[in-house]
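Working notes, structure below.
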Amino acid sequence: MPAPPAPARDRAAVLCGLAGWLPPRVVTNEELSRRLDTSDTWIRSRTGIARRHFAAPGQATSDLAVEAGRRALRSAGVADVDAVVVTTTTPDRSCPATAPLVADRLGLTGAAAFDVGAVCTGFVYGLASAAGLVAAGVADRVLLIGADTYSTIVDPHDRTNAIIFGDGAGAVVLRAGHADEPGAVGHFDLGSDGAGEDLIMVAAGGSRQRSAPGPVAAPDHHLAMRGREVFRHAVTRMTASARATLTLADHKVDDVDRIVPHQANLRILRSVAEDLGLPPERLVTNIESVGNTGAASIPLALADATARHTIHAGERVLLTAFGGGLTWGSCLLTWPALARTDHPHDTGGTQEP
Ligand code: UT7
């Protein structure tokens, strides 16, 4: 049972549930190599990715989000929440938001429900938003879900993007608690630079394109990314944001037991750890088996590490992310003892919470 709400003076959001869900279809590098001018060797050596999961035809982001959300509620041992926050770059529709639909399908009709958009930084921005709702006393319990179906916006013939992205969903439950207990989220560092808008973009579908005269070119509906520049920004922004968070919390790099970066590219993750001065064994990664899953990547990596017992209660965990916008953000927390975390690759079990 969740603890009763803390007094306002040290009230904080505490992570008490975690889960991930991956659609069953696995797409290997070999499969991609059969239709694209690429190879397993190139993809593994340039990205660290061996396979990823794709949603089935007709499956949308909310379908993945519902599965992850249901499991996270089960992990937390709760049946209801005051708010549902979904963070995604691939909402079911541009209107309405995806969160109310997810809340309804989870039996949470009546809860506050809204989407947060910060591309691959979405989970950290969503965590800050959800934690803020709890800390401000607006909600006692929040379900936060990061979910993306990049397979729906990546051009399958674009060998640069088609090899990186995968689909998935990860979710956490936050409850009201105290700032000094394990699982309390914060400090945070969040930032953006809109001058880099064109580095990661889906040009069509929004008001900019709709208000323009003339027909829309089909490629404008696909994700466009300037990979090499994004790579450089990802390393420098995540490293700087991680450092800023440690400074805010008055911690040293050596105080970090586990760093869980947005799973963008294994070379990016290793560079961030190395630039921070963290030994490689403190880096948490699952990119080899899921690829870059956007807003789902950090909770999926956390769920994988928790289920494999490679992250332990009491460890100081640093989350850091970078994505389109440009956006970046980091968060520190001490890992809590979670009652139950299923492995995200276990795609079975769709019981009610
Ligand atoms: O989620 C947050 C945002 N996204 C990211 O963080 C992704 C950041 N960027 C990356 O991960 C990497 O830039 C990529 C994986 C996208 C590309 O890797 P790269 O090492 O930066 O490759 P590159 O774009 O510099 O291309 C090197 C070469 C090029 O050939 P030439 O011009 O040297 O002859 C590309 O045409 O590799 C070629 N190439 C490929 N070759 C085989 C690009 N994609 C492929 C491919 N297979 N799939």
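Going from the alpha-carbon gyration tensor of the stretch 8-181, what semi-axes, largest first and in whole Å, does one get by taking the root of 5 times each eigenvalue?
Working: eigenvalues 221, 54, 35 Å².
The answer is 33, 16, 13 Å, longest axis first.
Could the peptides 209-216, 266-273 be put in order, highest first, of the mean number of other beta-carbon atoms found within 10 Å of their residues?
Numbers: 209-216: 8.9, 266-273: 20.9.
The peptides rank, most packed first, as 266-273, 209-216.
Just how large is the dipole of the chain about the Cα centre, in debye to the nearest 20, putting +1 at every Lys and Arg Cβ and -1 at every Asp and Glu Cβ? Each step should come with its number before you reach the end.
Numbers: 32 positive and 38 negative charges, 64 e Å.
The dipole magnitude comes to about 300 debye.
Exposure proxy check: Ile164, Ile153, Ile200 ranked by fewest other beta carbons within 10 Å? Could you put the intermediate results ahead of the total?
Working: Ile164 21, Ile153 17, Ile200 24.
Sorted ascending by nearby Cβ count, the order is Ile153, Ile164, Ile200.
Assuming R0 = 35 Å, what is the FRET efficiency of Ala179 and Arg308, from their Cβ-Cβ distance, to the nearest 0.05?
On the way: r = 29 Å, r/R0 = 0.83.
Rounded to the nearest 0.05, the efficiency is 0.75.
Given the peptides 174-187, 13-26, 280-293, arrange them by the average over their residues of other C-beta atoms within 10 Å, most packed first.
Details: 174-187: 19.8, 13-26: 25.0, 280-293: 21.4.
Listed from highest to lowest mean packing, they are 13-26, 280-293, 174-187.
Note down, for the stretch 185-334, the three equivalent ellipsoid semi-axes (square root of 5 times each alpha carbon gyration tensor eigenvalue), biggest first, whole angstrom.
Details: eigenvalues 202, 54, 35 Å².
Gyration-tensor ellipsoid for the stretch 185-334: 32, 16, 13 Å.
Farthest toward the dipole's positive end in the stretch 8-181, which of Val102, Gly166, Thr89, given Cβ charges of +1 (Lys, Arg) and -1 (Asp, Glu) about the Cα centre?
Final value for the positive-end residue is Gly166.
Identify which of Ala203, Ala303, Ala234 has the largest mean-square fluctuation in a Gaussian network model of the chain, with springs joining Cα atoms closer than 10 Å.
Of Ala203, Ala303, Ala234, the most mobile in the Gaussian network model is Ala203.
What is the Å³ per residue value for the convex hull set by the Cα atoms of the chain? Numbers along the way, then the final one.
Working: hull volume 45.9 nm³, N = 353.
Looking at the chain, the number lands at 130 Å³ per residue.
Explain nothing, just the number: dipole magnitude of the stretch 185-334 about its Cα centre with +1 on each Lys and Arg Cβ and -1 on each Asp and Glu Cβ, in debye rounded to the nearest 20.
Working: 14 positive and 16 negative charges, 56 e Å.
Rounded to the nearest 20 debye, it is 280 debye.
Across the stretch 269-274, in residue order, what do the Karplus-derived ³J(HN,Hα) couplings come to in whole Hz, using 6.51 cos²θ - 1.76 cosθ + 1.60 with θ = phi - 60° and x for Gly and Pro?
After applying 6.51 cos²θ - 1.76 cosθ + 1.60, I find 4, 5, 5, 4, 4, 5 Hz.
Hey, with R₀ at 30 Å, roughly what FRET efficiency would Asp158 and Arg208 work out to, going by the Cβ-Cβ distance, to 0.05?
Working: r = 22 Å, r/R0 = 0.72.
Computed FRET efficiency for Asp158 and Arg208: 0.90.
Give the angle, between 0 and 90 degrees and rounded to the nearest 10, that separates the Cα long axis of helix 227-249 from the longest principal axis of the Cα atoms of the chain.
10
Using the per-residue mean of other Cβ atoms lying within 10 Å as a proxy for protection, in what order, highest first, do the peptides 98-106, 50-58, 27-35 fall? Let's see the in-between values first.
Details: 98-106: 22.7, 50-58: 17.8, 27-35: 14.8.
The packing order, highest mean first, is 98-106, 50-58, 27-35.
Short version: ³J(HN,Hα) in whole Hz for each residue of the stretch 301-314, in order, from phi by Karplus 6.51 cos²θ - 1.76 cosθ + 1.60 (θ = phi - 60°), x for Gly and Pro, what are they?
These are the phi-based 3J(HN,Hα) values: 5, 5, 5, 4, 5, 5, 5, 8, 6, 9, 10, 10, 4, x Hz.
Based on the alpha-carbon gyration tensor of the stretch 106-202 and its eigenvalue square roots a ≥ b ≥ c, which shape applies: rounded if a/c is under 1.5, prolate if not and a/b is larger than b/c, or oblate?
Numbers: a/c = 2.48, a/b = 1.79, b/c = 1.38.
Prolate, because a/c is 1.5 or more and a/b exceeds b/c.
Give me Phe231, Phe123, Phe188 sorted ascending by neighbouring Cβ count inside 10 Å, so fewest comes first. Don't jump to the answer; show the numbers that get you there.
Working: Phe231 17, Phe123 33, Phe188 21.
Ranked by crowding around the Cβ, least crowded first: Phe231, Phe188, Phe123.
Where a number appears in this text, it was derived from the coordinates with a stated rule and is not lab data. Just so it is clear, the structure is predicted and the values come from calculations on it, not from any experiment. Positions of Cβ are generated from backbone atoms using ideal geometry, with glycine treated the same way; all protein chains shown enter the neighbour counts.
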